[in-house]
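The values are calculated or read from the model by the stated rules, or taken from the named source; none is laboratory data. Just so it is clear, the model here is predicted, and its values are computed rather than measured. Cβ placement follows ideal geometry from the backbone for every residue including glycine, while neighbour counts extend to all protein chains displayed.
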Protein chains: 2
Amino acid sequence: MTKPKLEFWFEFASTYSYLSAMRLPAAASNAGVEVHWRPFLLGPIFAVQGWDTSPFNIYAAKGRYMWRDLARRADRLGLTVEKPDPFPQNGILAARVAQIALERPEGIDFCQTIYRAQFSKGLNISDPSVVAACADAVGLPDGVIEAAQSDTNKLALRQTTDEATRRGLFGAPSFLVGDELFWGDDRLEDALDWAVRHAQ
Amino acid sequence: MTKPKLEFWFEFASTYSYLSAMRLPAAASNAGVEVHWRPFLLGPIFAVQGWDTSPFNIYAAKGRYMWRDLARRADRLGLTVEKPDPFPQNGILAARVAQIALERPEGIDFCQTIYRAQFSKGLNISDPSVVAACADAVGLPDGVIEAAQSDTNKLALRQTTDEATRRGLFGAPSFLVGDELFWGDDRLEDALDWAVRHAQ
């Protein structure tokens, strides 16, 4: 039997992806599951649904609830929440850098550092200097921001986002075990359990 | 200290309300929490959001996922799922009868019987004969269907639905502990825990 595997699909602008990104390494390690981190963009997927911003902005009552729910759940994880301004943030540069970072040992640390900058410190992650500071803090090499902006790397992110649509994703975080889809931070345990029970 | 209290707000047409309605009595009893069952209508709330049907119909990928997720979670509870046709069902008559039933010992049994009829047997709960059969099966008195259609009882359901909007509800199931809102079957444990920790 090979080790159970899980794909973690996340969007940097997504609030509940923040919770999953922070707790996933320990949860997956405890469950004995190997995780493939897949940054993607929700913007193009939301646009097809007719949304030009976060549904938490479009539906006010749902948005108010989300921030309260997020704070409650973050609190249990020992995390703080600061709403970034604007919300949602544009996470495209962070996602492009993450693609490169995740090929290296610093990848997960970089993703978590971006999430903390955005949702714990309230920094603007569309600002290249914020992303560069996060890259620097985790020890990524100089020039990673420039490398992230190459045509090849930009195309790779578009292809990943197309793959998300093709595989039925409509929100983040999402977890895939083969074709079995789980949506939402609150489905992380279900997804890990599925990965363990269906490992081949 | 008084006994911890929780309000359970549910819409009969709501798929995840089915799961909560079936598992709530045991979960609340284990937690030592007293539950006030509050049937309401999502239709008027969705209409304000610009939806004329279930969001699971409007957003196809989300809808496909919901039915799969519902089946997985129902399976763990030992429940079966059959998609009713049409979906969503019109639950207004069932909600009106539930208001009366919940004043009596048969109330919870009636609600669970309606949910099983709809989501386990795929029956149409907008059909008065289906609702009447459920009422009869749990021992509600003859004439309850007619009593449910009184102007006073209709008005009571409208007022409950207005109260839902006023208190920030935007979906079902929802749980309220005082003004603290929890949304979704997957927040039931959080809500019970909150009720216990904040009982006065």
List every residue pair whose Cβ atoms sit under 6 Å apart, with the two residues 6 or more apart in sequence or on different chains, where the first one lies in region A:174-194 and is within 14 Å of residue A:34 (Cα to Cα) and the second, anywhere, is of a type in the set (D, E, K, R) and in a strand (DSSP E or B). A:176/A:7; A:194/A:180
For the subset of region B:56-71 comprising residues that are in contact with a helix residue (DSSP H, G or I) (Cβ under 7 Å, 6 or more places away or on another chain) and free of Cβ contacts under 8 Å to residues at least 40 places away in the same chain, which member is surrounded by the fewest Cβ atoms within 10 Å (Cβ to Cβ)? B:57
Does any residue in region B:73-90 that is over 23 Å from residue A:181 (Cα atoms) and among the aromatic types (Phe, Trp, Tyr) come within less than 9 Å, Cβ to Cβ, of a residue that is at pLDDT below 95 and surrounded by fewer than 17 Cβ atoms within 10 Å (Cβ to Cβ) six or more places away or on a different chain, and which pairs are these? none
Return the only residue of B:118, B:99, B:89, B:112 being away from every other protein chain (no Cβ under 14 Å) and at pLDDT below 95. B:89
Quick one: in region A:170-190, which of the residues that are among the aliphatic types (A, V, I, L, M) and touching a Ser or Thr at 6+ places or on another chain (Cβ under 9 Å) is farthest from the other protein chains (Cβ to nearest Cβ)? A:172
Take the residues in region B:43-69 that are within 12 Å of chain A (Cβ to nearest Cβ) and touching a Ser or Thr at 6+ places or on another chain (Cβ under 7 Å); name whichever of them is modelled with the highest pLDDT. B:66
Considering region B:146-166, residues that are of a type in the set (Asp, Glu) and more than 21 Å from residue B:133 (Cα to Cα), and then whichever is farthest from the chain's Cα centre (by Cα), we arrive at B:151
If you go through region A:138-169, how many residues are touching a strand residue (DSSP E or B) at 6+ places or on another chain (Cβ under 8 Å) and either more than 18 Å from residue A:9 (Cβ to Cβ) or not hydroxyl-bearing (Ser, Thr, Tyr) (or both)? 5
Taking residue B:12, is it of a type in the set (Phe, Trp, Tyr), surrounded by 19 or more Cβ atoms within 10 Å (Cβ to Cβ) and not in a loop (DSSP other than H, G, I, E, B)? no
Could you tell me which numbered condition residue B:75 fails, if it satisfies all but one of (1) within 14 Å of chain A (Cβ to nearest Cβ); (2) surrounded by 15 or more Cβ atoms within 10 Å (Cβ to Cβ)? (2)
On the given criteria, is residue A:64 in a helix (DSSP H, G or I) and not hydrophobic (A, V, I, L, M, F, W, C)? yes
Return the total of residues in region A:167-200 being acidic (Asp, Glu) and under 14 Å from the mean Cα position of the chain (by Cα). 1
Would a scan of region A:36-51 turn up a residue that is buried (at least 24 other Cβ atoms within 10 Å of the Cβ), under 8 Å from the mean Cα position of the chain (by Cα) and in contact (Cβ under 8 Å) with a residue 40 or more places away in the chain? yes
Step by step: first the residues of region B:134-163, then only those that are farther than 21 Å from residue B:112 by Cβ and small (Gly, Ala, Ser), then the one that is surrounded by the fewest Cβ atoms within 10 Å (Cβ to Cβ). Which residue is that? B:143
What are the pairs with Cβ atoms under 9 angstrom where one residue, in region A:124-142, is without any contact (Cβ under 8 Å) to a residue 24 or more places away in the chain and the other, located anywhere, is exposed (fewer than 14 other Cβ atoms within 10 Å of the Cβ)? Sequence gap at least six, or different chains. A:136/A:142
Please work out which residue is nearest to the chain's Cα centre (by Cα), limiting yourself to region A:64-91 and to residues that are over 28 Å from residue A:163 (Cα atoms) and small (Gly, Ala, Ser). A:74
Subset of region A:191-200, residues touching a helix residue (DSSP H, G or I) at 6+ places or on another chain (Cβ under 9 Å) and either hydroxyl-bearing (Ser, Thr, Tyr) or more than 10 Å from chain B (Cβ to nearest Cβ) (or both), comes to A:192, A:195, A:196
